[in-house]
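The values are calculated or read from the model by the stated rules, or taken from the named source; none is laboratory data. Remember, it's a predicted structure, so these values are computed and weren't measured experimentally. Here the Cβ is made from the backbone with ideal geometry for all residues, glycine too, and neighbour counts use every protein chain on show. Quick note on the areas: whole protein, heavy atoms, side chains included, nothing else; ligands and nucleic acids left out. Shrake-Rupley method; radii C 1.70, N 1.55, O 1.52, S 1.80 Å.
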Amino acid sequence: MNSIWTLARRADRLNPSIIREILKVTEQPGVLSLAGGLPSAETFPIEAMREACAQVLTDTPKEALQYAASEGYGPLREWVAATLNAQGQQVNAAQVLITTGSQQGLDLVAKVLVDAGAPVAVETPTYLGALQAFAPFEPIFASVASDHEGPLPGAIEALRHDAPGCRFLYVLPNFQNPSGRVMPEARRQAVVAAAQAARVPLVEDNPYGDLWFDAPPARPLAARWAEGTVYLGSFSKVLAPGLRLGYVVAPPALHPKLLQAKQAADLHTPGFNQRVVHQVIKDGFLDQHIPTIRARYRAQRDAMAAALTEHLPAGSEWSAPQGGMFFWVRLPAGCHAMAMLDSAVHAGVAYVPGEAFYAHAPDRRTIRLSFVTLGPEEIRQAVALLGGVIRRHLNEELQEDTP
């Protein structure tokens, strides 16, 4: 039967997240999931949140439950600015826009900066959620060649000729999702210089920067080119994702339009959530809390590194991340990660096929593995199951190729 609804052209570019679809499958009993990019629920500061909720409802109940300013709760914006300034940026609270998760920040940036047919540059690979946020606005994606340190400066400079009028380069310098790579100091300097030369602004996404294991990452790109960079941050990985609280720091020339887009989207991020988070963090709580997350994740990282070494077949490639939540694995020649997924779930383990993270020319041998939601022994079991699935897949491919 024909529908009476006529969809907008952009609706054709709205596609389900493969990660969210896989998470539905992993809810089946007995499946060990290495798929979801979920922080460990064991790190949520439940008692601190409970006390903060009570305090907010005691001190400012009417204000917390009323409509609020679209820019965000003033003391929280000031906290964000002060924290970023301590990390080497020069931010005024007036530049901070509190968002409903950093994912909304990506949506607002796209609404304000992207026209149909305009080039938008992304790393190779890049965050799937960013591709989803940008795609409805019908950009032409330009994939920037990248290595284990991030996007190649020469490929950024080439955007001047290969993608004239490029609206921005979206980049995750710290423990990137999905690759786990971190951009070193020299590469950061070169990336900013290349972007300036090509006159391509930067959208710097930093949800994982606090989750370093041995040494903090270098200064943000935004600290090197403030007027040419939009900076996105999140409270999801260091407090709790269910709060849906993030922020955008925008140059003064761009902030008013992002604010207008925010007003049109949802008026404001929940004021109650903002006040609760500020109550929790205002007196230095994160200085004690984040190190406990790092210690937990470091142990899980080490467990996965050992399990991969023990159980994955020869020809598999990976490197242990220095922070964040993910391993990026390239499977041996002959493997097709998407084709293997059903067999893996049937065997009791789930992962995310890497091809979803490419704007163009996906590498079908890649997979993303999250190491933070399972304990060390569960990680070992999951990787052992995965190794068995890969070996069976390779044997089947070999038998098909044998005359």
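Here are the numbers for this structure:
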quantity	calculated
Degrees between helix 376-401 axis and first principal axis of the chain (Cα, 0 to 90, nearest 10)	50
Selection from Ala198, Ser143, Gly387, by position along the positive dipole direction of the chain (Cβ)	Ala198
Portion, in percent, of the accessible area of region 239-317 that falls on carbon or sulfur, probe 1.4 Å	55
Rounded Å value of the spacing that divides the Cα centres of region 194-271 and region 365-395	33
On Cα atoms only, tilt of 285-311 relative to the major axis of the chain in degrees	10
Length-normalised contact order for the chain - Cα pairs under 8 Å, 6+ apart - percent	23
Helix axis angle, 102-113 relative to the chain longest principal axis, alpha carbon, degrees	70
Lysine pair number, Cα distance threshold 21 Å (strictly under), the chain, separation 8 or more or different chains	4
Residue-normalised accessible area of the chain, expressed per residue, 1.4 Å probe, Å²	44
Sulfur and carbon atoms: percent of accessible area, region 133-197 [1.4 Å]	56
Alpha-carbon gyration tensor eigenvalues x 5, square-rooted, for region 184-325, Å	31, 24, 14
Choice from Met304, Met325, Met340 showing the highest fluctuation, given a GNM over the chain with Cα pairs closer than 10 Å	Met340
Label point distance in nm, Ala158-Ala197, each placed 7 Å from Cα along Cα→Cβ	1.4
Residue-by-residue Karplus 3J(HN,Hα) for region 192-206, coefficients 6.51, -1.76, 1.60, Hz, glycine and proline x	5, 4, 5, 5, 5, 5, 8, 6, 10, x, 10, 10, 9, 9, 9
